[in-house]
1. 7 Å from Cα along Cα→Cβ at both A:Glu25 and A:Glu86: what's the point-to-point distance in nm?
2. Just to be sure I understand: if you take the accessible area of chain B alone plus chain A alone and subtract the pair, with a 1.4 Å probe, what total do you get in Å², rounded to 100?
3. Heavy atoms only, probe 1.4 Å: what % of the accessible area of the protein assembly as shown goes to carbon and sulfur, would you let me know?
4. Pull up the DSSP beta bridges for the protein assembly as shown and report the antiparallel fraction as a percent, rounded to 5.
5. Report, as a whole number in µm² per second, the diffusion coefficient that Stokes-Einstein gives for region A:24-84 at 10 °C and 1.306 mPa s using the Kirkwood radius over alpha carbon pairs.
6. What fraction of the DSSP beta bridges in region A:1-141 is antiparallel, stated in percent and rounded to the nearest 5?
7. Putting +1 on Lys and Arg Cβ atoms and -1 on Asp and Glu Cβ atoms, find which of B:Val11, B:Val31, B:Thr47 reaches farthest to the positive end of the dipole of region B:2-59.
8. For region A:125-209, take the convex hull of the Cα atoms, compute a quarter of its surface area, and give me that in nm², please.
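The values are calculated or read from the model by the stated rules, or taken from the named source; none is laboratory data. As the structure is a prediction and not an experimental result, all values here were calculated from the model. Here Cβ is always computed from backbone atoms with ideal geometry, including for glycine, and neighbour counts include all displayed protein chains. Please note that ligands, DNA and RNA were not included when accessible areas were found on the heavy atoms of the full protein model with its side chains. Shrake-Rupley method; radii C 1.70, N 1.55, O 1.52, S 1.80 Å.
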Amino acid sequence: MVPSKEDMHDALVLRQGKELTEKFEKTTVAICGLGGLGSNIAISLARAGIGKLILIDFDIVDVTNLHRQQYKASQVGMTKAEAIYENLLEIAPYTTYETHNIKLTEDNIYELLKDADIICEAFDKAEQKAMLNNTVLTTFKDKYLVSASGMAGMDDPNIITTRKITSRFYLCGDGISDVNDNISLVAPRVMLCAAHEAHTVLRIIQNNM
Amino acid sequence: MVTINGVNEDVAGKTLSEYLSSSNYNLQRIVVEINENIIPKTDYEKTTLNDGDVVEVVSFVGGG
């Protein structure tokens, strides 16, 4: 049986405190890319009781995604936007979700992200990460941006960190482990970096909202 | 001296564009901030590095 909205709110207050939970519930977070980083960030933030999540990806769930992304074998072939929405509804049914099956470009970033308080960059290609970050940072002076670079391979998990680049721009990852050096991505290390991003979002809300 | 990614470099007077190409950065993979301000890509050529500037060039790698 699915608990009521009130029961789920009360449970969050019990675990996180009233002040923090109420701040989380008032916040809108956009997650750009729903792969290894984005699908994990989305689940963490939905569990924490973020009020609204804007979920954006143009891709389809592929069998090669299942080793690290939060999708099920039965969801292969679905759009990631639809599949993550289905999964999040089972975890946190009272969060507001806005999903977009679309590729983010310089031309649509303003329209798709203008309602977010905090934006998470969760793409996989370096050029796309730079494009999103440059556009967000020069378009929205009042928003916070959390990005990630360097989480591929089997290197030490303890070199993944979060750095504050400017007052509104945070960067997670080890900064160096590129997926293109023939080292692929493994679930725990990507989840670790996603956890850095999600937790940074929660800390931004705690300290600034 | 200009502090770039924590290292003092003797590049005051150069444009940002000149510095980035001489350092072999891939312009499609970077974000640049100078003294806490993000520099739009279209301003790289007209931005001059000044003595005392603190610059961070974030160069992204793939994976996510």
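1. 3.0
2. The summed interface area works out to 1900 Å².
3. On the way: 6370 of 12930 Å².
With neighbouring chains kept in place, the figure for the protein assembly as shown is 49 percent.
4. If I count the DSSP bridges inside the protein assembly as shown, around 45 percent turn out antiparallel.
5. 136
6. Within region A:1-141, antiparallel bridges account for around 5 percent of the total.
7. Going by the Cα projections, it comes out as B:Val31.
8. 5.6
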